Amino acid sequence: MKQLNWRVITTHTICIIGVIFMSLPVWIAFATSTHSAETILRNGLQFWPGSDFLPTYHEALFVEGGVMKSVLGITMLKNSLILGLGFAIGKVIISMLAAYAIVYFRFRLALPLFWIIFMTLLLPLEVRIIPSYEVVSGLGLLDTHAGLIIPLIASATGTFFFRQFFLSVPDELLEAARLDGATAWGFFIDILVPLSKTMIAAILIIMFVVGWNQYLWPLIMTTKEENYTLVIGIKQIYQILADGGELPQYQKAFALTILATLPPVLVVLVFQNWFVKGLVESEK
Amino acid sequence: MSKVQLTNVRKTYPNGAEAVRGVDMEIESGEFIVFVGPSGCGKSTLLRMVAGLESVTSGQVLIDDRLINDVSPAERDVAMVFQNYALYPHMTVRGNMSYGLKNRGLPKAEIDQKVTEAAKMLRIGDFLDRQPSQLSGGQRQRVAMGRAIVREPKVFLFDEPLSNLDAKLRVQMRIEIKRLQRRMNVTSIYVTHDQTEAMTLADRLAVVNDGKIEQMGSPIDLYNNPATLFVASFIGSPQVNLLPATFDGQHLISGDLKLSGFGDLPTSTELVLGIRPDELRLDESGPFLLRVDIVEQHGSDNLIYGGVLGAMNDGDQETEFCFKTSQDMLPDLDSTLKLGFNDERAMVFNKVTGERLR
Ligand SMILES: Nc1ncnc2c1ncn2[C@@H]1O[C@H](COP(=O)(O)OP(=O)(O)O)[C@@H](O)[C@H]1O
Ligand SMILES: [Mg+2]
């Protein structure tokens, strides 16, 4: 009994330390964002919330010139959402179709193709960023949402997960569907997609967070301020701060940071059940 | 109502496995045919070629005189019931049953009517809005059947549909399948490795061995007149008793045993004598001395297993007999019984080729 107590206490202590260690910086960023620029400049980072929450966030989101020269915080938030959603949805669609082809159409190159796709894991965007830029600019897609999203949506990870999932679906389901007169497309839409829904949800969530946090590619792709995402905005606002001039608006920089972390956190919190389900079990 | 015809059908899998090696068969309209054989003998492959789920390497498959080797499964108008049911897990029972009809573009009202009708016939009307995961094994089996019958196909195909059920349910469903088939009068092919299932369901039985049809005929015909050693030992439960022997011109010789009543057999080959367990009888002047090993009481009758003293052994294994007798016959273990047999009904096979000689 005593031993058990000790064990409980130890594990809890370790967990609590971990939680503090990871969430403290976020807390400090939030607390600091609710103070005035003068307080921060004079006293540095703040641990307790201040009284400027509403004016700061209002200005950051809705007032022209509040954070950037012209673009509103809310517009950057919208751009980020478009990028995150487009990125996630695009990846799910493309990788499901690729996995479907690889698993169910027994053409000779299926396996080599799968391994080639898999090997692209070794070639992240950063490696091919210049040719990708070249292609997108050649297509006249610079500074567009399409140009921002499309080069990112091929997904080896997604293809791999869907492939493994499809392989675990019993062959008899396909056979029954064939006898029932389902076409290749019908089997995909009527049977595979509904069966994969937890898997789809899990990948959507992961990919949304990854897409939301994209930095280098949007930075290179977007030249106009109106296309900035939040993540780019944060980088720019710090640059403006560094350039000096007027009183540095640290509280707004922190506010943007908090705003940028909120949607991914919300998505994960709201959908965590789906997320865990998708990764550990499958409906069959 | 449809005929099915197979002509010299063969299947070689891409990995070189020869699963079916030349099968000829004619199935009459409305007939219930059972393919029975040990696991791996090629019976599923044969069935799946009729369904269109496996390509035919050579030979012809015809339904109603139409060559269907290259016709897609959907257009063959056959329905199949799988061992693991293969129900669509995310659809309700209704969804499962109507999916095939929907794909055929039937109007919704007609689909509903057919599904309701089939559900009533199978007594699953109360579960139409449940998902397969909320059903018991027997109910899932019924839904799988329902999915097959709503389509009113030309041919029903069953691949070991009852193997996943417990023994009692299996017997119930067996009777129900038979009743349903009678009532709908649809040509059916049923694959099983269970000889009891095969015997009780079939109009005609095809015993499959190593990719070939060993013998085809009515169940009782195959039981009474097996053409080969394989068929004799596969059909009948408990299994036929087999005794290795040779012929000396007048008697069958097996070890110290000398059996009369046989003539006209080759003297140069090794033979096997086959006696069904119910053809043995207590007989003080009989040739066999059985040392009682195990007595199984099945209720109405007892099965007595034991070694045959003095008989020729097959390798190291002592030759064992099973004696089927009445429920009041309860010999002590290790006691001996003197047994005779009905030599009219005894069978003799060539041990090497398996061919029936008598
Ligand atoms: N897809 C396949 N590829 C290669 N060999 C196969 C395949 N399916 C079955 N076989 C082989 O063909 C033979 C017959 O299999 P099957 O028809 O499933 O037998 P059964 O249903 O009588 O148990 C077996 O030896 C099996 O190993
Ligand atoms: Mg089989």
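Of note:
- Out of B:GLY125, B:GLY100, B:GLY137, sole residue that is in contact with an Asp or Glu (Cβ under 9 Å, 6 or more places away or on another chain) and more than 14 Å from chain A (Cβ to nearest Cβ): B:GLY137
- Any hit, the stretch B:51-74, residues being more than 26 Å from B:MET97 (Cα to Cα), assigned by TED's automatic domain parsing to the domain that holds B:GLN195 and in contact with an Asp or Glu (Cβ under 7 Å, 6 or more places away or on another chain): no
- Within the stretch B:103-119, being within 14 Å of another protein chain (Cβ to nearest Cβ) and hydrophobic (A, V, I, L, M, F, W, C) holds for B:LEU106, B:ILE111, B:VAL115.
- Matching strands (runs of 3 or more DSSP E) fully within the stretch B:229-284 where at least 2 residues are open to solvent by 40 Å² or more (accessible area, probe 1.4 Å): B:241-247, B:280-282
- Residues of the stretch B:69-82 that are more than 8 Å from every other protein chain (Cβ to nearest Cβ) and either under 29 Å from B:SER136 (Cβ atoms) or among the aliphatic types (A, V, I, L, M) (or both): B:VAL71, B:VAL81.
- The one condition in (1) surrounded by 21 or more Cβ atoms within 10 Å (Cβ to Cβ); (2) assigned to a helix (DSSP H, G or I); (3) not basic (Lys, Arg) that B:VAL208 fails to fulfil: (2)
- When residues of the stretch B:30-50 are limited to those that are more than 10 Å from ligand 1 (Cβ to nearest atom) and either without any contact (Cβ under 8 Å) to a residue 12 or more places away in the chain or farther than 17 Å from B:LEU162 by Cβ (or both), the one nearest to the other protein chains (Cβ to nearest Cβ): B:VAL50
The rows are residues; the columns are (1) open to solvent by 70 Å² or more (accessible area, probe 1.4 Å); (2) in contact with a strand residue (DSSP E or B) (Cβ under 7 Å, 6 or more places away or on another chain); (3) in a loop (DSSP other than H, G, I, E, B).
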| residue | (1), (2), (3) |
| --- | --- |
| A:ILE28 | no, no, no |
| A:GLN46 | no, no, yes |
| A:TYR57 | no, no, no |
| A:ALA60 | no, no, no |
| A:VAL67 | no, no, yes |
| A:LYS78 | yes, no, no |
| A:GLY84 | no, no, no |
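- Screening B:GLU214 against (1) of a type in the set (Asp, Glu); (2) outside any strand (DSSP E or B); (3) closer than 29 Å to B:PHE321 by Cα leaves a single unmet condition, (2).
- Matching helices (runs of 4 or more DSSP H) fully within the stretch B:1-117 where at least 2 residues are away from ligand 2 (no atom under 16 Å from the Cβ) and crowded, with 18+ Cβ neighbours inside 10 Å: B:73-76, B:93-103
- In the stretch B:159-187, residue farthest from ligand 1 (Cβ to nearest atom) [restricted to those that are under 14 Å from the mean Cα position of the chain (by Cα) and under 26 Å from B:GLY22 (Cα atoms)]: B:PRO161
- Residue list for the stretch A:179-196, filter: touching a residue at least 12 places away in the same chain (Cβ under 8 Å) and within 11 Å of chain B (Cβ to nearest Cβ): A:PHE187, A:ASP190, A:ILE191, A:LEU192, A:VAL193, A:LEU195, A:SER196
The values are calculated or read from the model by the stated rules, or taken from the named source; none is laboratory data. These figures come from a predicted structure and were not determined experimentally. Glycine gets a Cβ as well: all are built from the backbone with ideal geometry, and neighbour counts include every protein chain shown. These area figures cover heavy atoms from the full protein model, side chains too; ligands, DNA and RNA do not enter into them. Shrake-Rupley method; radii C 1.70, N 1.55, O 1.52, S 1.80 Å.
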